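This report concerns only the one structure given below.
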Amino acid sequence: MNLFNNFLFIFLIIFFTSCSKELVKKSIIVEKSLDAQVLEAYEEGLKSLEGGDVLFAAKKFNEAEILFPQSIWAPKSAIMAAYSYYTKDYYLDAIAELERFLTIYSTHKNLDYVYYLLGICYYEQIIDEKKDSQSILLAKENFENVIKKYPNTEYALDSEFKIDLINDILASKEMYIGRYYFDKKKWIAAINRFRKVIDDYDTTIYVEEALHRLVEVYYIIGLTSESQKYANILGYNYKSSKWYEKSYSVFNKNYKTNRIKKIKKKSFKNKVKSLLALDE
């Protein structure tokens, strides 16, 4: 009996060992097959993207990600799905993919590119600065993320350039509203808009005009010292600007009058020349 028990024990050991080896073999075959499927889906996605069928490409990249979410191909596929949508201006789909990426792959090495592409997706939706304020602000936010978190990357340099352009857009919007308040003689509201341009968008092309408008407004409401202060700032920084010339004329009425007289005199000479030409 003991001999039989020993034989059974040895048999079970051999049986389970062989089964275990068979399971390992099958597992390897399954894993290889799965990896092959992922690569196949990914390659199909690339071919479709090159052929211009971005929707099918995005579908195949999503398929590659879902097939093997733990593989290195999963985050690559997610980024490629977003890029596929972006290439044909499917911005909302691209943004959805990129935001999902940030949630699932929050420590991935290519986050700099993801934030950059998010910024681009919002940036390229800006059509009218008076209406597209959300796209403007979200684009700026994502470009700032690139600069702040990944300052030494290739995407940071272009993000800085894009932010300069966005600041020009935002400053333009503030100036548009400021001029409206100025025309309606809502002086305090106008001052707030012009000062915002100086405080928040001091590197834009609108600073010179904003300074001049403050010179005008403060002069109109009787705060000549404030008006003079902004005229001095304008003169110190932008002495050759046409806006400094306009601000100078606010305080020097003779300067303004002299310019008008000079223009009138020139116009009169031209008029005389025209009459003489007719007589000939």
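A short reminder: the numbers here are calculations on the coordinates, not readings from a lab. This structure is a prediction, so every number in the text was calculated from the model and none was measured. For neighbour counting, all protein chains shown are included, and Cβ atoms are generated from backbone atoms with ideal geometry for every residue, glycine included.
Distance from the Cα centroid of region 180-257 to that of region 115-171 is 29 Å (rounded to whole angstrom). With θ taken as phi - 60° and the Karplus curve 6.51 cos²θ - 1.76 cosθ + 1.60 applied, the whole-hertz 3J(HN,Hα) list for region 142-149 is 6, 5, 5, 4, 4, 5, 6, 8 Hz, x standing for glycine and proline. Rounded to the nearest Hz, the phi-derived 3J(HN,Hα) couplings of region 178-188 under the Karplus curve 6.51 cos²θ - 1.76 cosθ + 1.60 (θ = phi - 60°) are x, 5, 4, 5, 4, 5, 8, 6, 9, 5, 5, where x marks glycine and proline. Sorted ascending by nearby beta carbons within 10 Å, beginning with the fewest, Lys88, Lys242 become Lys242, Lys88. Whole-percent P(r), region 49-166, all Cα pairs, 10 Å bins from 0: 14, 42, 33, 10, 0.
So what are region 107-256's ellipsoid semi-axes, whole angstrom, largest first, if each one is the square root of 5 times an eigenvalue of the alpha-carbon gyration tensor? Numbers along the way, then the final one.
Numbers: eigenvalues 277, 52, 24 Å².
The answer is 37, 16, 11 Å, longest axis first.
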